[in-house]
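Enquirer: Take this structure, written in structure tokens, and hold onto it; I'll ask about it next.
Taken together, the values in this text are just the output of simple stated rules run on the coordinates, not laboratory data. Quick caveat, the model's predicted, so the values are computed rather than measured. Positions of Cβ are generated from backbone atoms using ideal geometry, with glycine treated the same way; all protein chains shown enter the neighbour counts.
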Amino acid sequence: SRVVVSLVVLTSPAAAEQRVPVAVELVLAVDNSASVDREEFRLQQDGLARAFRDPEVLQAIDDLRPLGAAVAVVYWGGPGETRVVLPFTPIASRRDAKAFAFRIGLIRRWVRAGNTSIVTALDDARVMLESNGFEGLRKVIDVSGDGVDNGGGDLIAARAAAAAQQIIVNGLPILADDPSLADYYRDHVITGAESFVQPARDFDDFARAIRNKLVRELRPPAS
């Protein structure tokens, strides 16, 4: 979307500059649609912040040395409503990870979005991966959400566009309202040979699920 592209341009080096090598480029795309109420949204945000303080996640970041990771956080909803809340940030140490967790805790939610457009989340995250100042040995989009895509876009095309750029798409479906959502994410959202689905039983279980997911996503590329 135009909003995402403009924010990426403002927070990234010029495209002509050499990109900084990292082990993993990761976009954490968090559901901000109208189906997520205030308390559910808080559980997502708190769980994400806690994950970057978790000992196993910190160990995973240590294992990425010397390259480290570059991580961004976006909140997504309907078409045109994606917002980059934390631009790509280098994380190469435990101190970096804890500072990132602190910044996540400071984020404030704006007006709730309408639709659940997973297409928008994928397309905007892909643009970010193509446009930032880092070059990852592995590029990953981590999509979390509590419902199927209802934004009217072409989800097949969005997945294919990510796959064409060798971007891995992983899914964190929140099963509070739809126990079959994990199957939907497996069949319609994730892509890439190393992709996987990490379900959360409900929003209270989000912290556990995102922690486990990050441990797998922030592993050395050769492992």
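Enquirer: Quick one: check the C-alpha center-to-center distance for the stretch 67-132 versus the stretch 173-210, whole angstrom.
Expert: 18
Enquirer: Let me ask another. Ranking request for peptides 76-87, 191-202, 171-182: highest mean number of other beta-carbon atoms within 10 Å first, then the rest in descending order.
Expert: In decreasing order of mean packing, 76-87, 191-202, 171-182 become 76-87, 171-182, 191-202.
Enquirer: I would also like to ask the following. Highest mean first, what order results for 135-148, 116-129 on Cβ atoms within 10 Å? Show your work: numbers first, answer last.
Expert: On the way: 135-148: 22.0, 116-129: 25.3.
For the peptides 135-148, 116-129, the packing ranking is 116-129, 135-148.
Enquirer: Highest first, please rank the peptides 152-159, 19-26 by the mean number of other Cβ atoms sitting within 10 Å of their residues.
Expert: By packing density, highest mean first, the sequence is 19-26, 152-159.
Enquirer: What's the Cα-based Rg to Rh of the stretch 12-133, Rh via Kirkwood?
Expert: Details: Rg = 14.9 Å, Rh = 15.1 Å.
Using only Cα positions, Rg/Rh for the stretch 12-133 is 0.98.
Enquirer: Could I ask something else about it? Can you list the residues, at least 5 places off or on another chain, whose amide H is less than 5 Å from the amide H of Thr89, using H built in the peptide plane?
Expert: Under 5 Å from the amide H of Thr89 lie the amide H atoms of Val71, Ala72, each far enough along the sequence or on another chain.
Enquirer: A further question on this structure: Given H placed 1.01 Å from N in the peptide plane, which residues other than close sequence neighbours of Gly145 have an amide H under 5 Å from its amide H?
Expert: Residues meeting the amide H criterion: Leu172, Ile174.
Enquirer: Pull up all non-local amide H partners of Phe134: gap of 5 or more, or a different chain, and H-to-H distance under 5 Å with H placed in the peptide plane.
Expert: Val20
Enquirer: Under 25 °C and 0.890 mPa s, how fast does the stretch 108-223 diffuse according to Stokes-Einstein, given a Kirkwood radius computed over C-alpha pairs? Answer in µm²/s, whole number.
Expert: 166
Enquirer: Enter the per residue convex hull volume of the chain, computed from alpha-carbon coordinates, in Å³ rounded to the nearest integer.
Expert: Expressed per residue, the convex hull around the Cα atoms of the chain is 108 Å³.
Enquirer: So for the stretch 157-220, what percent of the C-alpha to C-alpha distances run longer than 19 Å?
Expert: Everything past 19 Å amounts to 34 percent.
Enquirer: Would you please classify the overall shape of the stretch 41-99 from the alpha carbon gyration tensor, given that a ≥ b ≥ c denote the square roots of the eigenvalues, rounded means a/c under 1.5, and beyond that prolate means a/b larger than b/c while oblate covers the rest? All intermediate terms of the calculation are to be shown ahead of the outcome.
Expert: Numbers: a/c = 3.16, a/b = 1.68, b/c = 1.88.
Note, shape of the stretch 41-99 comes out oblate.
Enquirer: Using each residue's phi in the stretch 23-30, evaluate 6.51 cos²θ - 1.76 cosθ + 1.60 at θ = phi - 60° and report the 3J(HN,Hα) Karplus result to the nearest Hz, with x for Gly and Pro.
Expert: Here the 3J(HN,Hα) series is 6, 9, 9, 9, 9, 9, 9, 9 Hz.
Enquirer: Could I ask something else about it? Taking all pairs of distinct Cα atoms, average 1/r, flip it, and tell me the Kirkwood hydrodynamic radius of the stretch 77-141 in Å to one decimal place.
Expert: Computed over the stretch 77-141, the radius equals 13.7 Å.
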